[in-house]
1. What ranking of 141, 130, 206 emerges when the number of other C-beta atoms within 10 Å of each C-beta is taken as an exposure proxy, fewest first?
2. Using only the alpha-carbon atoms of region 94-294 as identical scatterers, what base-10 log of I(q)/I(0) does the Debye formula give at q = 0.16, 0.17 Å⁻¹?
3. In which sequence would 160, 193 go, from the one with the fewest C-beta neighbours within 10 Å to the one with the most?
4. Using 0.36 nm per residue of separation minus the Cα-Cα distance, give me the extension gain between residue 121 and residue 99 in nm, one decimal.
5. Which of the peptides 248-256, 111-119 is most tightly packed, and how do the rest follow, judged by the mean count of other Cβ atoms within 10 Å per residue?
6. Which of the peptides 168-174, 183-189, 197-203 is most tightly packed, and how do the rest follow, going by the mean number of other Cβ atoms within 10 Å of each residue?
7. Any chance you could check the Cα centroid distance between region 171-191 and region 94-119 for me, in angstrom?
8. Which order results if 102, 142 are arranged by neighbouring Cβ count within 10 Å, fewest first?
Ligand code: SF4
């Protein structure tokens with residue numbers, strides 16, 4: 001049915017389906033289309049070595065600009081997550097039968113199989129990069145898609161950007177194995193191009209199922225592609241950063257009715273930070289917002 005509809009109409013219909021589900025018409029979840037502000041004036045203390053290339057001057061300017069920008073956003077309203085998969089949201093998923101996140105992720109991986117659902121399967125991928133980390137993580141990072149290193153090793157964020165992400169995680173007082181890391185698309189786009197909308201729409205339901213299985217407290221979207229797909233909002237990264245969103249993965253429900261959903265924060269993709277280290281101060285501010293919510297203490301540099 002949905003294939004004859006425009007993307008905008010599909011999203012609108014998906015929103016409506018979710019609305020009905022929120023009223024309890026289907027055995028689904030309730031999603032509050034609300035936004036919450038949380039950024040104050042994060043101090044620079046505790047910034048890890050990954051920030052070393054960010055100059056104090058540029059950081060100060062950016063903080064000032066960001067504060068103005070965030071102040072202007074306080075009345076913003078966020079539309080619910082929606083994509084085509086939401087139209088099939090009431091279809092039960094096989095992992096609903098289990099409560100163990102490890103077992104649930106295994107079921108989702110088996111369901112994905114040697115996937116040929118989108119054209120990325122025939123554009124040079126070596127393997128599917130499903131996700132890695134703690135299946136019970138409180139914190140989940142979501143990137144765009146695998147690059148060459150990730151495609152070769154079968155694990156997300158293992159190249160230079162992955163090293164920077166590791167340092168960011170360490171600066172938050174965590175280890176890589178404490179969090180879960182995945183991407184919107186699980187096959188490498190050729191030439192590291194941005195995944196196309198149809199590829200994201202086809203693959204992201206599996207990401208949504210992963211999130212529902214893991215039930216994190218916070219999801220951090222790394223970069224615009226991840227943010228736009230998770231939030232179903234076509235805004236710039238600058239417009240999306242700087243606040244928490246109430247988030248429940250579209251098209252699925254958690255097997256734990258008590259899971260209230262996650263808070264979602266948006267920050268820069270580590271690959272972008274490698275190209276423009278001046279933005280590391282802004283990214284650190286995003287991470288501090290997450291740390292404050294999770295009660296994490298910053299790791300001292302070189303600790
Ligand atoms: Fe399947 Fe996702 Fe790979 Fe496309 S990107 S072929 S949907 S696993």
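Read the figures in this text as sums done on the coordinates, not as results from a lab. Here the structure is a predicted model, which means the values were calculated and not measured. Neighbour counts run over all protein chains shown; Cβ positions are idealised from the backbone, glycine included.
1. 130, 206, 141
2. -1.01, -1.15
3. With the fewest neighbours first, 160, 193 line up as 193, 160.
4. On the way: separation 22, 0.36 × 22 = 7.92 nm, distance 3.07 nm.
Taking residue 121 through residue 99 to full extension adds about 4.8 nm, to one decimal.
5. Working: 248-256: 23.2, 111-119: 13.3.
So the order, starting with the most tightly packed, is 248-256, 111-119.
6. 183-189, 168-174, 197-203
7. Measuring centre to centre over Cα atoms gives 18 Å.
8. By the 10 Å Cβ count, ascending: 102, 142.
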